[in-house]
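Worksheet: the structure to be examined is printed underneath.
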Amino acid sequence: MSPKKDRQKSAKSTAAAGKTSKGFTDEEKAAMRNRAQELKAEARASKNRAEGESAVLTAIAAMTEPDRAMARRLHAIITDSAPDLWPKTWYGMPAYAKDGNVVCFFQSANKFKTRYATLGFSDKANLDEGALWATTFALKELTAAEEARISELVKKAVSQR
């Protein structure tokens, strides 16, 4: 066998490696369809604040309790603390953006079947404190103390560096 044929044979055998691809699962296909729809909605929301607000409220309404109640309260806290942030959905989650970039978002516990919901901040948030700082916070409930802390975090996140 010539060296060229030998190389081709080995490339074919390593690519196959006995594994067959079955393609995407139904859940993966649904997630891709949802993301494509969301990208279109995000484009509309970036031009129209009311579109984003509507999408966030719809996403919140689809949540189960107690996440729905927390998301509603967070929505009020975030919009009061940083009125310049525009509500929008981000991967199906309520999110809040500045200049088109997500600054913070709420992830319900049920979405990823975790034991707690989270409030997350992107790298666009101005929360830097030295070489280490938190960007995601677990939420089990919202009391006055947590609400005050969240308001402070959101205000800091959108402050000028």
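Derivation of every value follows stated rules applied to the coordinates shown; laboratory data play no part. Predicted, not measured: the structure shown is a model, and the values here were computed from it. Positions of Cβ are generated from backbone atoms using ideal geometry, with glycine treated the same way; all protein chains shown enter the neighbour counts.
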**Karplus-derived 3J(HN,Hα), 6.51/-1.76/1.60, for each residue of segment 93-98, Hz, glycine and proline x** = 9, x, 9, 9, 10, 10
**Asked** How far apart, in nm, are the 7 Å Cα→Cβ label points at residue 53 and residue 114?
**Response** 2.9
**Message:** Output needed for segment 26-158: three equivalent-ellipsoid semi-axes, defined as square roots of 5 times the C-alpha gyration tensor eigenvalues, in descending order, whole Å.
**Reply:** 22, 18, 15
**Request:** Hey, can you grab everything whose amide H is under 5 Å from the amide H of residue 97? Only 5+ residues off in sequence or another chain; H modelled, so Pro and N-termini drop out.
**Result:** 86, 88, 103
**Request:** Let me know the charge dipole size of segment 82-161 about its Cα centre in debye, to the nearest 20, where only the beta-carbon of Lys, Arg (+1) and Asp, Glu (-1) is charged.
**Result:** 260
**Item:** Residue-by-residue Karplus 3J(HN,Hα) for segment 105-110, coefficients 6.51, -1.76, 1.60, Hz, glycine and proline x
**Value:** 7, 10, 10, 6, 5, 5
**Asked** Quick one: putting +1 on the C-beta of Lys and Arg, -1 on the C-beta of Asp and Glu, what dipole do you get for segment 20-161 around its Cα centre, in Debye to the nearest 20?
**Response** 340
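Relative contact order for segment 26-158: what percent, with Cα pairs under 8 Å and sequence separation of 6 or more?
Value for segment 26-158: 20 percent.
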**Asked** Taking the simple approach of a point 7 Å from Cα along Cα-to-Cβ for both residue 72 and residue 36, what is their distance in nm?
**Response** 3.5
**Request:** Using label points projected 7 Å from each Cα along Cα→Cβ, tell me how many nm separate residue 128 and residue 147, to one decimal.
**Result:** 3.3
**Which listed pairs, of 29/155; 22/47; 40/140; 22/88; 88/113, have C-alpha distances above 28 Å, in listed order** = 29/155; 22/47; 40/140; 22/88
**Asked** Using θ = phi - 60° and the Karplus curve 6.51 cos²θ - 1.76 cosθ + 1.60, what whole-Hz ³J(HN,Hα) does each residue of segment 61-74 get, with Gly and Pro shown as x?
**Response** 4, 7, 6, 8, 6, x, 4, 4, 5, 5, 5, 4, 5, 4
**Complete:** Rounded to 0.05, the calculated FRET efficiency for the beta carbons of residue 61 and residue 26 at R₀ = 25 Å is 0.50
